[in-house]
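The values are calculated or read from the model by the stated rules, or taken from the named source; none is laboratory data. Just so it is clear, the model here is predicted, and its values are computed rather than measured. Backbone-built Cβ (ideal geometry, glycine too); neighbour counts: all protein chains shown. For the accessible areas, the whole protein counts, side chains as well, though only heavy atoms, and no ligand, DNA or RNA atoms are used. Shrake-Rupley method; radii C 1.70, N 1.55, O 1.52, S 1.80 Å.
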Amino acid sequence: MKRATVSRLVKAGIATPVAAGSLWLGAQAIGRAAGSRSESFMPHGYCYMWDPWIVWLHVVSDGLITLSYYCIAPALIYLLVRRHRDLPFQWPFWMFGLFILSCGTTHLMEIWTVWRPSYVLSGIVKAITAAASVATAVMLIPLLPKAIALPSPQQLRRVNGELRLEIIDRGRIEQLLRETLAEREGTLAELADRTSAVEALEQTEAALRESLAQREQTLKEVADQKFALDQHAIVATTDVQGAITYVNDKFCAVSKYSRDELLGQNHRILNSGYHSKKFFQQMYQTIGTGKVWHGDIRNRAKDGSIYWLAATIVPFLDSEGKPRQYMAIRTDITKRKRAEEGREHLAAVVESSDDAIISKDLNGTITAWNHGAERVFGYSAAEAIGKTMVMLFPQGRVNEEADILDRIRQGESVEHFETVRVRKDGTMIDVSATISPIRDARGAVVGASKIARDITERKRAEAALARQGEELLRSQQALESQTLMLQSVLDSIGEGLVAADETGKFILWNPAAMRIVGKGAVNVPPERWTDHYGTYLPDTVTPFPPEQDPLLRAIHGETCTTEMYVRNAEFDTGVWIESSGSPLKSRDGAARGGVVAFRDITQRRADEREIRKLNEELEERVGQRTAQLAAANHELEAFTYSVSHDLRAPLRHIGGFSRILMEDFASSMDPAALHHLQRIEDGARRMGLLVDALLNLARVGRHAPNFQVTNLNSLVEEVVSLLRPETEGRTVSWKVTELPSTECDPLLIKQVFQNLLANALKFTRPREVAVIEISQREENGQTVIAVRDNGVGFNMKYKDKLFGVFQRLHRAEEFEGTGIGLATVQRIVHKHGGRVWGEAELDKGATFYFTLGAESADVKTSEGKNKAAAAGAEI
Amino acid sequence: MNPNEVDILLVDDSQDDIDLTLHALRAENLANSIFVARDGEEALDFLFCSGPHTQRSFDRPPKLVLLDLKLPKVDGMQVLKRVKSDARTKIIPVVLMTSSKEEQDLVIGYNLGANSYIQKPVDFDEFRKAVKLLGLYWLVVNLPPVATGKLKAAKQGQ
């Protein structure tokens, strides 16, 4: 609720009881004023005989009525307050409110008067109520019609809506009006412009009329010229694209097209296909740049006939100098062209002829000399024309010319006259000449034309032919003797030779064939050869398939070799034959039959069988041997194993008990005896070393090497540290350069280094400072490892003994050793496919070299090497 | 010598080797209670308290068995296998002493559970050294095995 409304309600809420209260007080006061009268009255309760039921009925009812009236009144006042603006007449409502209020109070008084007889007061209140009611009624009646006439809110809303729509319409109409107005103004402006333009136009018209008159004059002149032109020439005009815009009558006449057919077309319709593209391109270029073009053109008329035109095409330029149309003026030159062509043709014929064509006058002076004449006689046209024919005659024939000329003068021709002439270079040639007279237009003989052919070649050919005939005869004889020889060859060779032509008919069957197969050539068709001659597959039972017969295949162009078995009535046992067939071809490559050569291979087959059998036996034996070898190998392994156990134990015992003897019984033994014992012990120890070294050697031999890429430096380091105990108390300088990593068995190569370095250490013992160098170098693509020491060296005389088992180059007192170390090294290096060798100088030190592998060791694969080495494991 | 107070069981078929070994042990005063078996069968009888050695007890095993491989009747490896696969005897330290240092023997021996593997050196000095080291280590330094039976008994006793 609006604050205004609330305040009004509050006011009403206060006003009502206040009004009621004041009314009541007022009434009271008046009552008291007229006080005494009231005490004598009886309250209404006596009327009711103070029956509680009646009393309370009246009291409660009046109470409720009072309450209701006192509620209705404020409600009415609230309505008034809220809508006071909407209501054009408020006074009736106020009066009504007052009426209700006072009516309510009346009822209240009724309650009062049940107990208190304040009848004066209650009467006053009733009077007020009456007044209010009457006033209200009086006011209400005239207002009724007005109230009815008030529009309801619904109606009002509708009216509003209609008004709003009308406003929108009006707005639109206004807009339209404004636009129309603008248009009108525009149109008005235009009209003003038009008027001034019209004036200008009228002026121009006058000027134009003048020039028009001039033009007409000019046109007349042009038309006259044109007429003249049309009489002589063929005229056409085209636009810049080449479309024909005008043709004169002559054009139509000569091209045989009607004017309608030509207009709008391009000149291409007349193209006879004679001229090249370049010709037309050059034409277009010329006229396109504004220049005049002259030329001869060959065209084709509508009916296909050909005509020649001499043409001039003139471009007409516009104000910018560019062509705007072309005019072509042409004359018919067909006849002239034909005549020209004819002459040219004839001239070409003469020129192209191989024969010499010469024309002369009646004095014998040469007037024409063709290309053929140049060739035959050697004189060029320039040299010959003007000279006499006589220069061509050799000595002794000069008079021929006079005879010829005589006959010519008489109009006779001399035909195919064979004679001899001389060329420019002096060589004589045989010629066959035909001379005929040349007549002029009147028929008189004015000269002669001579056609001479160089027949030197022909004469030579004739001679050659005769010679050939003789040769032919001689070769025929030779052929005969050769045939005889071949025949005897065929008869004598051991191989059967059989040939047939393309139909399968036998043309050759040598005696060897007869002998091998048992039968001769018989005219049986190829399908029946198998049957007749008894041919079988090498299994000896299946008849040979006729279509695979080598001779048949040869006839069909196939070269082949097959084995067959032949058994027929002539043989009890059959024979095996190997047949090779090849086709016979004529010179042009066409198949002309086939030839088969066959030989008896029965023996060969037997031999083959024998060989196979031997091979099998061999295989068996090899297998056995391998098994034996394997067994031997196995035995050896067992042997080695036993040696490890059995040989060593006794050695230990010998050494051991000798030692015990020496130690425990030293006091009671002769020094010599002790010495002997020592030697026994030494011997045993030595033997132990030998046994160990031998075992090692054998193990190396058996060991299947395991190739892997190994860094040699690491191996050397290991060995050097292994040998450390040996270097106690000595000065040893180890010089190890960078060694490669290579494919090898690390364990075995470690052994190699062990042996070589131990040797180096041993033999450098006499030196103050032992210098041992391990290095590598490249030699022929291989890596060579070198171990050099500055020890006592050895004599190169004995270098072959270096690697022998038990071979030593020093005495045992000088340097101990088993003599197996280097043998072991060699065994290992060979297993790697390498070489080992030593170089030394006595007292200057020794160097031992070894390689590991035939090529650069990195190339071969581990697998391959492992396999190869395992396969070649030495026993 | 009381068979139940044996320090070392020496199994070897070669009298010479036995004498040398004993000589070496004597030098170290380790030879007091050594029992020598000449073949595999004797060794097994001893260790398993069978045959002529029934009076032996499993609770009193030897402190060390020096076992040669090549033995008659029962092979060294067989002995090793039997000893090491029986709960009563597998605690006994067995040192293989043999001439061979073939890789296969090493593999088999260790796989069967040998405690140590010595190759008998050919050189007597070396041999003596090895035996001395062996004896000192296994008899002096090493704490001897305690039989499980003893433990049970000890428990029972409590």
Q: Could you tell me which numbered condition A:TYR798 fails, if it satisfies all but one of (1) over 18 Å from A:ILE820 (Cα atoms); (2) open to solvent by 60 Å² or more (accessible area, probe 1.4 Å)?
A: (1)
Q: Please give the number of the condition A:ASN248 fails out of (1) surrounded by fewer than 13 Cβ atoms within 10 Å (Cβ to Cβ); (2) in contact with a helix residue (DSSP H, G or I) (Cβ under 7 Å, 6 or more places away or on another chain).
A: (1)
Q: Scan the stretch A:647-658 and give yes if some residue there is more than 14 Å from chain B (Cβ to nearest Cβ) and of a type in the set (S, T, N, Q), otherwise no.
A: no
Q) β-branched (Val, Ile, Thr) and surrounded by 18 or more Cβ atoms within 10 Å (Cβ to Cβ) - does that describe any residue in the stretch A:684-705? A) yes
Q) Listed residues A:GLN285, A:GLN217; which is farther than 18 Å from A:ASP332 by Cα, modelled with pLDDT of 85 or more and more than 52 Å from the chain's Cα centre (by Cα)? A) A:GLN217
Q | Which numbered condition A:GLY386 misses (of (1) at negative phi; (2) open to solvent by 30 Å² or more (accessible area, probe 1.4 Å); (3) not hydroxyl-bearing (Ser, Thr, Tyr)) | A | (1)
Q. Which residue out of A:ASP664, A:ASP607, A:ASP600 is farther than 24 Å from A:PRO538 by Cβ, open to solvent by 50 Å² or more (accessible area, probe 1.4 Å) and either within 14 Å of another protein chain (Cβ to nearest Cβ) or among the acidic types (Asp, Glu) (or both)?
A. A:ASP664
Q. In the stretch B:15-40, which residue that is of a type outside the set (Gly, Ala, Ser) and part of a strand (DSSP E or B) is farthest from the other protein chains (Cβ to nearest Cβ)?
A. B:PHE35
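Among the candidates A:GLU726, A:GLU743, which residue alone is away from chain B (no Cβ under 14 Å), of a type in the set (D, E, K, R) and open to solvent by less than 40 Å² (accessible area, probe 1.4 Å)?
Details: A:GLU726 fails: open to solvent by less than 40 Å² (accessible area, probe 1.4 Å).
Just a single option satisfies the conditions, and that option is A:GLU743.
Condition check ((1) farther than 30 Å from A:ALA704 by Cβ; (2) touching a helix residue (DSSP H, G or I) at 6+ places or on another chain (Cβ under 8 Å); (3) not aromatic (Phe, Trp, Tyr)) across all residues:
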{"site": "A:LEU748", "(1), (2), (3)": "no, yes, yes"}
{"site": "A:ILE774", "(1), (2), (3)": "no, yes, yes"}
{"site": "A:GLY793", "(1), (2), (3)": "yes, yes, yes"}
{"site": "A:LYS797", "(1), (2), (3)": "yes, no, yes"}
{"site": "A:LEU809", "(1), (2), (3)": "yes, yes, yes"}
Q) Considering only residues of the stretch A:622-646 that are in contact (Cβ under 8 Å) with a residue 24 or more places away in the chain and within 24 Å of B:PRO121 (Cβ to Cβ), which is nearest to the other protein chains (Cβ to nearest Cβ)? A) A:SER644
Q: Enumerate the helices (runs of 4 or more DSSP H) found wholly within the stretch A:509-563, keeping only those where 1 or more residues are within 19 Å of A:THR573 (Cβ to Cβ), aliphatic (A, V, I, L, M) and over 60 Å from the mean Cα position of the chain (by Cα).
A: A:511-517
Q | Qualifying positions in the stretch B:79-106 - open to solvent by 60 Å² or more (accessible area, probe 1.4 Å) and either within 14 Å of chain A (Cβ to nearest Cβ) or under 25 Å from B:ASP19 (Cβ atoms) (or both) | A | B:LYS101, B:GLU103, B:GLN104
Q. So A:GLU839 clears everything in (1) surrounded by fewer than 21 Cβ atoms within 10 Å (Cβ to Cβ); (2) within 20 Å of A:ASN706 (Cβ to Cβ); (3) modelled with pLDDT of 90 or more except one condition, right? Which one?
A. (2)
(Q) Looking only at the stretch A:744-767, filter to residues that are touching a strand residue (DSSP E or B) at 6+ places or on another chain (Cβ under 6 Å) and outside any helix (DSSP H, G or I); which one of those is farthest from A:PHE848 (Cα to Cα)? (A) A:CYS744
Q. Which members of the stretch A:496-508 meet the condition of being open to solvent by less than 60 Å² (accessible area, probe 1.4 Å) and either over 60 Å from the mean Cα position of the chain (by Cα) or among the hydrophobic types (A, V, I, L, M, F, W, C) (or both)?
A. A:GLY496, A:LEU497, A:VAL498, A:ALA499, A:ALA500, A:PHE506, A:LEU508
Q. Would you pick out the residues in the stretch A:255-287 that are farther than 26 Å from A:SER305 by Cβ and either among the charged types (D, E, K, R) or surrounded by 15 or more Cβ atoms within 10 Å (Cβ to Cβ) (or both)?
A. A:THR286, A:ILE287
Q | Per-region count, the stretch B:126-140, residues surrounded by fewer than 16 Cβ atoms within 10 Å (Cβ to Cβ) and either facing chain A (nearest Cβ under 7 Å) or hydroxyl-bearing (Ser, Thr, Tyr) (or both) | A | 1
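For A:ARG172, state whether it is farther than 30 Å from A:GLN90 by Cβ and over 60 Å from the mean Cα position of the chain (by Cα).
Considered against the rule, which asks whether it is farther than 30 Å from A:GLN90 by Cβ and over 60 Å from the mean Cα position of the chain (by Cα), A:ARG172 comes out as yes.
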Q) So A:ALA672 fits all but one of (1) at pLDDT below 85; (2) more than 10 Å from chain B (Cβ to nearest Cβ); what number is the exception? A) (1)
